[in-house]
Each structure stands twice: as structure tokens, then as C-alpha cells.
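All of the numbers you see were taken from the coordinates with simple rules; none came from a lab. Everything numeric here is computed off the predicted structure, so don't read it as measured data. All Cβ positions, even for glycine, are placed from backbone atoms using ideal geometry, and neighbour counts span all protein chains on display.
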Amino acid sequence: MRVLFTGGSSFTGCWFIKELLAAGHDVVAVFRKSRAAYQEPLRAARIDRLVEAGCQTVFGVSFGDERFLALVESSQWDLLCHHGAEAANYRSPEFDVVAALRSNTYQLPVVLEALRKSECQKIIVTGSVFENDEGIGSRDLRAFSPYGLSKGLTWQLFRFYAELRDMALAKFVIPNPFGPYEEPRFVHYLLKTWFAGSTATVNTPVYVRDNIHVSLLARSYAHLAGSMPRGISRYSPSQYVESQGDFTQRVANEMRHRLNLPCQFELLAQTDFAEPRIRANTDRIAASQFNWSEASAWDEIARFYGQMLACG
């Protein structure tokens, strides 16, 4: 297939494109800024990785703008993967939901008409388990944050306009991915602390979350891209549904013999329960379905962080 992809400089985006390419698809990735503007080391490394893998890159293009529409009209497409979303200050309670929605869906009806003229009838929109009405969990399934709300509203607009045009639309719901090239989040913190010879502390060991190897997540994304059903569908891949304390133990067990480090940690008494205690996706993955090796994925994480942190 010929795939048009937004959001390729993100952690999950670069992995999704890598697996789409490995599956034999022709991927064109658009980026909002110029190539020179991607100076942050992780994002620059992700883009370099995509270019090396054979992805065609187009810079200075935002979803729905004139250059984006011209690109859609310049070729025939089989699939639009709208993975990009406004995420600046996504943790802030002041996150601008309306501005993000406008950016995520700019000129959406015009974009969909242009896609139909290019004979494209399939779209995948990336969602999050932290949106409203996604996954399973405690309390009501409200959005975790204004950012989560913007993602949920983005999906609703895509669904409304895609259904009007009888286009196939799938929502790919992301839980808590981890692995090489991620931002400095939880697993990065654990590895960085252990390489420094210190004991990692876990402030929220009681929360139950759905952590998933990014390589498995990406393999399942590529599978969805190649087997999309007609109409409206949703896929919510799930792997390690467990407390953050148990997940920390899992990471430590996998890293000790691979890195020859003690990987010590302390589970603190959790006092902050501002978020729901449980939130997880619903579609448990059989790794064998995607010819994916769990041991190899842990090996890759150990190699990546070993190279990144051993000398730091």
C-alpha cells in the first residue's frame, strides 16, 4: 500500500512507520517543521532512523494546510495514518483543548474529499487509553486530562465526517508503550537510576496500568493497516496489565541478567490518587500472532539503554 503518515517524529510514530515499511508498504511521512528545526536529540534520531529505513519524508507540512492538500492530490493513496496530534504541554491542566482540536482536524472535510478523489478510502486515527470512554478501569472512563479530551473529540470529528462519506475508519488505541527512543518516562527513569548505581523509587506502585513493548505495539499497528475492515472499527492492544509496582519488578528481573546490574528499587506508600487506580486496554495480544519475540524485545531495550547510559 501507499501510506500517508502524520506524526512520524514521535516515539510511537517512528516505530509504526518502521513496521509499515517492514511489511512492504510505501510510506510518505509529513512533518510540521523544517528538518533543521528538529534539533532535540531523540526526535532527530527517530527521523534519521526513518530515512535509513526507506521512508520518504516531507517537511514543513501540517495536516489540512495547502501543502498537505497538494500532497494528497499529487498521488494515489491507499491509507491515511493520522498519528500526529497537538501535544505541547500535554500534562498541563491549562492545555488548550479547542486549539488542539482545531489543529488535529484542520479542514477535515476538505482533506477527506481530497483523499476520496485520490482513491483513498481507509484511515487510521491514533487514540489513547487516557481519553474519555476508552479502555476498562476504575471510576468512570473520563479523560485523564484536557489533552485526553482533545484526542477523544478528534476521534469524534473523524468518525462523523468519515461515516458521511462511507470511508473505512479505524481507531488504534495506545496504552503505555515503552522501549528504545522513548521520552524520559518511567522505564527510562528506572534504567538511568540503575546505571547510576542508585535505588529507584516508585511513587505510584498501586496504579494498575497497561504497559506494552513498543515493538509489539508497532507490529500490531502494521497488522491493522494491512487488514482494516470496512466501516468504523477500534483496536485496543494490551500486554502487561498489572500494578506499577509489579511492572517495576518485571523490568528489574529482565534487566539484571542482561546488564549485570542489581536494579534495586523501593515501592513507596502511595498517597496521591488523583488518577483512576486502574486503566487498561481491552484487546490482549498473542505475540505469536505477529511473529514477535518477547526475549528479543527485552534484549533490544538492554542494548539501547546500555549504549545510551553506560558512559553517562
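Points to keep in mind about this one:
- Candidates GLY135, GLY226, GLY127: whichever shows maximal mean-square fluctuation once the chain is modelled as a Gaussian network with Cα springs under 10 Å: GLY226
- Mean projected area in nm² (Cα convex hull; one quarter of hull surface) for the range 265-312: 6.4 nm²
- Helix-only CD estimate at 222 nm, as mean residue ellipticity for the chain, using -39500 (n - 2.57) per DSSP H run (n ≥ 4): -12500 deg cm²/dmol
- Rounded to 10°, Cα long-axis angle of helix 186-195 versus longest principal axis of the chain: 40 degrees
- Of GLY54, GLY13, GLY179, the one that fluctuates the most in a GNM where the chain has Cα springs shorter than 10 Å: GLY54
- Each residue of the range 142-157 is assigned a 3J(HN,Hα), and the resulting list reads 7, 5, 5, 7, x, 4, x, 4, 5, 5, x, 5, 4, 4, 4, 5 Hz, derived from the Karplus form 6.51 cos²θ - 1.76 cosθ + 1.60 (θ = phi - 60°), x at Gly and Pro.
- Where chymotrypsin sites (Phe, Trp or Tyr not before Pro) fall in DSSP loop in the range 19-108, at most 14 other Cβ within 10 Å: TYR106
- Arranged from fewest to most other beta-carbon atoms within 10 Å of their beta carbon, PHE195, PHE304, PHE130 become PHE304, PHE195, PHE130.
- The modelled label-to-label distance between VAL98 and SER296, using points 7 Å beyond Cα along the C-beta direction, is 5.0 nm.
- Listed residues ARG46, ARG185, ARG159, most fluctuating in the chain (Gaussian network, C-alpha, under 10 Å): ARG185
- For THR201, nonlocal amide neighbours, meaning residues 5 or more places apart or on other chains whose placed amide H falls under 5 Å from its own, are GLU266.
- Overall shape: prolate for the chain, with the ratio a/c of the largest to smallest alpha carbon gyration tensor axis at 1.5 or above and a/b above b/c.
- Taking the C-alpha atoms only, the angle from helix 108-117 to the longest principal axis of the chain is near 70 degrees.
- If R0 equals 35 Å, the separation of the Cβ atoms of PHE59 and SER227 corresponds to a calculated FRET efficiency of about 0.70.
- Per-residue HN-Hα couplings for the range 210-221 [Karplus 6.51, -1.76, 1.60; θ = phi - 60°; Hz; x = Gly/Pro]: 10, 8, 9, 4, 5, 5, 6, 4, 5, 4, 6, 5
- Cα→Cβ-extended label distance, 7 Å offset, between GLU266 and ALA36, nm: 4.9 nm
- DSSP bridge pairs, the chain: antiparallel proportion in percent, nearest 5: 15 percent
- Interchain or long-range residues, amide H under 5 Å from GLU242's placed H: ARG209, ASN211
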